[in-house]
Amino acid sequence: MIKRFPWGKPIETEAVIRREAVVLMEGLLQVPFFSKVCPGDGKASVLTYDMGEHDRIYGLGENIRGINKRGWLYVSDCVDDPIHTEARHNLYASHNFFLIDGRERFGVFVDAPQKVAFDLGYTDRDRITVTVDEGGFDLYILEGDNLRQMVREFRQVIGRSYIPPKWGFGYGQSRWGYKNEEDIRQVVQKHRDAGVPLDSVYMDIDYMERFKDFTVDEGKFPNFPRFVEEMKAQNIHLVPIIDAGVKIEEGYPVYDEGVERGYFCKKEDGKEFVGGVWPGRVHFPDMLNDDARRWFGRKYKFLLDQGIDGFWNDMNEPALFYGEDYLQEVFDKLEEYRKKELDLHAFFGMKNLVLGLSNRKEDYESFYHEYKGQRVRHDKVHNLYGYYMTRSAGEAFDELEPDKRVLMFSRASYVGMHRYGGVWTGDNSSWWSHILMNLQMLPGLNMCGFLYTGADLGGFGCDTTEDLLLRWLQLGIFTPLMRNHSAMGTREQEFYRFGHVEDFRNIIGLRYALLPYLYSEFMKAAAGDDMMFLPLAFVYPCDEEAVLSEDQLMVGSGMMIAPVYRQNARGRYVYLPEDMKLYRFRSCADADTEVLKAGHHFVRAELNEVLVFIRPDHVIPLSFGGRCVADVDMSKLRLMHFVRDEAVYELYDDDGYAKKIDVEAGITKVRVTADGQVTAEGPLKAEWTLL
Ligand code: GLC
């Protein structure tokens, strides 16, 4: 049961779209669980809860630290910051939903588009303190006794998760730095020549004409539609980036129209706010304004018309290198420093002046939105900007491509955006710790509706190494979005920069073998408002060791993964809550198997080996792989199996494009008995073999 406790005048975020399924309560004073509800001093509202000693906390979507979030201060305040260390409090997203499990079990969703701080045992290790910045909010409380079921209930009221086209489950190669057709052709050629599967190449900001949205640089791409065709003929989808800021340049239609129609965010004095991002000075479209949002969304047509069928939305926190007004102040102050003795105070004063230019609170407080007929200051709705940018695209796609799914994922997000696109987890680094962080983020993201998600495999910032990339790919083959992406200036990290081509071919190839299962589990999770990546705690709540597990995950109904994420490791400790069958894959055609008893094991996994564990009485369908998603032959399937009595797998499949989804009709029931008999019932006609 979900109850809503409105406080003050909440700003409608449209995160919850099935209000009728929620019980409306009078106000905060009735809130259960929170032993102290203190509306604060008119500035911030504060809620506190005293935890039991071993209470655990799950959720909060994209955030650093463990699967159990207890013990840190997490802040919802979408920010562009590429240094994702343990010391951070906020990243690109605002996902204010979490579950508490222990002495009591309940869920909390703080629907507030302003800044919210979740002190989960940081100040006082036994206390939760939620502080919502000035302004109203809706507090939702969920009660139930099954964590997974509580997530489903929450997901039902926030609406169905975004579903990408099936090719979006293929491997994507990206790098900030591919300049022109030739660079992209080379990437594709190298993959095809080496037999390493590939479905997409991402186009970062360099494809644009001077970083202007909805332009293509003709010097680099002389005939873009023809190039898109050429790539399509090889089953490659090009995926261009779109940034939030629109370059200020007379004669550039997006800028001219935006100004003429008043669609950019304005300051108090009615003039457009000027910020700085990649193109230099920009205006920010008012994504919260219905007309402006519709206008911006229709702009994607420019690229759709040229054959593009996927996008990634970036810099939509919105990232701000500088606000123009403050920049001028800084320039003036720097002039003063010229005359000064740069001693300790003066030198650091000057340095901090420049370092403090980006993403400034005061800049975010200096412009406004027209939202639902009201003028709203940006900081009051800051966390909605990326959500509404992606919504603008999603709504436009429904008009422009009513029958076909378009790939879309975003950097910034808020709960609600999960209906319009997925997320990638931003500018991580080529650090071993970030493989684990990637794994630990997945269940929280799923809880908040973000099923289509993945990290920059190999790491975005810093220099990667071959072993790091291989180990990261061994996790990445399970994430719906599987993309290798890196920053300009870092070591190049396409597979062909390294020596052991065969290892990459085998690991990436295994993804394509797993595709029938991953796609099926994803689609069932989306349709059933369920999670695809589950903490062991959600499946084995009575097993303390499982509950404490922080580096293993359940993937869908029948599989557990335990990737290696340490340098030079040749295996790892794995905890099995029940007997499981291990498949140790060296390629999609080569695996050894072993039944392991419940308990702790040291499991060997060399750099070219992927560990997959199957639960008892489960089977997992596998294809024979392919060069791209379209190549995967669904008429010849194998089954990983651990059948003691009988196993039934419900395999969902469809054409990979249609927006209308009928899960029941798309399911084939595959039954395997202990003596190895396979029977299948449903639309998929396949030859089955046991692996
Ligand atoms: C941002 C994005 C990154 C991209 C870069 C250049 O840092 O997060 O993925 O490569 O901008 O567009």
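Taken together, the values in this text are just the output of simple stated rules run on the coordinates, not laboratory data. All of these numbers come straight from a predicted model, not from anything done at the bench. All Cβ positions, glycine included, derive from the backbone under ideal geometry; neighbour counts span all protein chains shown.
Numerical summary
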item	result
Normalised alpha carbon radius of gyration of the range 366-463 [divisor 2.2 N^0.38 Å]	1.27
Cβ-placed point charges (K, R +1; D, E -1), dipole of the chain about Cα centre in debye, nearest 20	560
Value in Å of the Kirkwood radius, where the range 543-616 supplies the Cα pairs that are averaged	12.6
15 Å beta-carbon shell around A605, net charge (K/R +1, D/E -1)	-1
Most positive-pole-ward Cα, Y385, C78, V629, against dipole of the chain from beta carbon charges	V629
Dipole of the chain [Lys/Arg +1, Asp/Glu -1 at C-beta], most positive-end residue of V672, P285, G66	V672
Mean-position separation - Cα centroids, the range 321-366 and the range 604-640, in angstrom	55
Neighbour-count order for H89, H382, fewest beta carbons within 10 angstrom listed first	H89, H382
Viscosity 1.567 mPa s, 4 °C: Kirkwood-radius Stokes-Einstein D of the range 229-362 over Cα pairs, µm²/s	74
Estimated translational D of the range 575-644 in µm²/s (Stokes, Kirkwood radius over Cα pairs; 4 °C; 1.567 mPa s)	98
Taking the chain and dividing mean pair separation by its residue count, relative contact order in percent (alpha carbons under 8 Å, at least six apart)	13
Order of D291, D133 - criterion: other Cβ atoms within 10 Å of each residue's Cβ, fewest first	D291, D133
Projected-area mean, the range 311-395, by convex hull of Cα positions, square nanometres	7.3
Furthest towards positive pole of dipole, M231, V612, A112, structure part the chain, Cβ charges	V612
Cα coordinate range in the range 462-621, projected on the principal axes (Å, largest first)	48, 37, 30
Restraint check, K597/K636; K301/K685; K69/K115, Cα-Cα greater than 29 Å	K597/K636; K301/K685
Per-selection Rg to Rh, the range 540-583 - Cα, Kirkwood hydrodynamic radius	0.96
Radius, Kirkwood style, for the range 1-110 when every pair of distinct Cα atoms is counted (Å)	15.8
Cβ-based exposure ranking for L400, L344, in which fewest neighbours within 10 Å come first	L344, L400
Approximate shape of the chain as ellipsoid semi-axes (Cα gyration tensor, √5λ), whole Å, largest first	39, 32, 25
The range 579-691 - Rg over Rh from alpha carbon coordinates, Kirkwood radius	1.00
Sum of -39500 (n - 2.57) over DSSP H runs of 4+, divided by residues of the chain (222 nm, nearest 500)	-7500 deg cm²/dmol
